[in-house]
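The structure appears right after this line, and notes come after that.
The values are calculated or read from the model by the stated rules, or taken from the named source; none is laboratory data. All values reported here derive from a predicted model rather than from experimental measurement. Counting neighbours? That spans all protein chains shown, and the Cβs are built from the backbone with ideal geometry, glycine included.
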Amino acid sequence: MNKRIGTLSAIVVSLALSSSVMAATVLKLGHIAESTNPYGQGADKFAELVKQKSNGDIEIKVFPSSSLGTQKELIEGLIYGTVDMTLTGTAELGTFQPQMAIFDMPFLFKDRAHAFKALDTVGMELAKPLEAKGLKMLGYMENGIRHMTNNSRPIKSPADMKGLKIRVMNNPVYVEMMKSLGASPTPMSLAELYSGMQAGVVDGQENPAAHIYTKRFYEVQKYASLTGHAYAAEPFLISMSTWKKLKPEQQAIIQSAATEAIAWQRQLAEAKDTEFWDSIKKTGKMEVIAVDRKPFMEATESVYKQLAKKVGQENIDKIKALEK
């Protein structure tokens, strides 16, 4: 009899453990950055906060370095429900919702404070139509301030960019921006960029210091020019199909953790920016060049004339009004 009771107890414990395991909700979060990138660290911070806030009821598994695919593939994964969450670029997101490309317009923001204010208001408004396409915006982390690098010659003015093959994201804003500066825009995924520069498929690229350092672009590029031509926000998305499967209390935890992680990551990104440039200079492999940004601003004014209708002049006006 005791043996039977013992067996039954073991079965009950086993079922309880199985139930506990089954009760945990596991979500996959994919992005293309290295784990050491500030928004890669932001993803890990979010996972940590979700675990804390849900008492282990929700587990976020983070897949960095394009291990679940390119930005386009990750966004499509959210739409089709094969990936739960992603951190992606506004440029790539603009191919799914054209008005989102407004945040890649050249020299749009006065400073980071202006960018945050615009993203947290206009950015959230513009993201609402994405829900009908299967994407829910949780907020915006930061990728950084974008600068030019190349392997041919120092870029000190737009004239120095003439004829250079510059890798860009597959987005009309970046294509037109490079054309306005006299360069030849060449769309390419970030995962292919290092080898593309190494093989001479492209002469250069433009990215924040975080990518230039953590992806070791300084090994295959001789010159970096501090053009600061665009601010790179990092939209934080969850699949609508995943969102709808979550209980209301789980949704609240996800949003709360995202909001907290975004605030934490923005501070980290700003603090790390100078550190990344210092580290790049210490390698001795890349010359970092300060430039007069005014000629670049003037040269790219045509981008606004060409794309104002696409991104919405009223949206540009709303963002400009937030400068003060």
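Listed conditions (1) within 20 Å of the chain's Cα centre (by Cα); (2) in contact (Cβ under 8 Å) with a residue 12 or more places away in the chain are all met by Glu219, apart from (1). Candidates are the residues of region 48-72 that are part of a helix (DSSP H, G or I) and crowded, with 19+ Cβ neighbours inside 10 Å; the one that is modelled with the lowest pLDDT is Gln71.
Contact annotation: residue pairs with Cβ atoms under 6 Å, 6 or more positions apart or on different chains, pairing a residue in region 306-322 that is closer than 15 Å to Phe116 by Cα with a partner that is at pLDDT 95 or above and charged (D, E, K, R), are Leu322/Lys117. When the residues of region 166-187 are filtered to those that are among the charged types (D, E, K, R) and crowded, with 19+ Cβ neighbours inside 10 Å, the one that is nearest to Gly200 (Cα to Cα) is Arg167.
Exactly one residue out of Phe96, Phe107 is in a loop (DSSP other than H, G, I, E, B) and either of a type outside the set (A, V, I, L, M, F, W, C) or free of Cβ contacts under 8 Å to residues at least 40 places away in the same chain (or both): that is Phe96. Just one of the numbered conditions (1) modelled with pLDDT under 95; (2) touching a helix residue (DSSP H, G or I) at 6+ places or on another chain (Cβ under 6 Å); (3) surrounded by fewer than 18 Cβ atoms within 10 Å (Cβ to Cβ) is not true of Ala23: (2). For Ala263, are the conditions met, namely being crowded, with 20+ Cβ neighbours inside 10 Å, under 30 Å from Gly56 (Cβ atoms) and out of contact with any strand residue (DSSP E or B) (no Cβ under 7 Å at 6 or more places or on another chain)? Considered against the rule, which asks whether it is crowded, with 20+ Cβ neighbours inside 10 Å, under 30 Å from Gly56 (Cβ atoms) and out of contact with any strand residue (DSSP E or B) (no Cβ under 7 Å at 6 or more places or on another chain), Ala263 comes out as no.
Take region 267-323 and flag every residue that is β-branched (Val, Ile, Thr), buried (at least 18 other Cβ atoms within 10 Å of the Cβ) and in a helix (DSSP H, G or I). Passing the criteria: Ile280, Val303, Val311, Ile319. Checked against (1) buried (at least 23 other Cβ atoms within 10 Å of the Cβ); (2) under 22 Å from Asn170 (Cβ atoms), Ala118 meets all criteria but (2).
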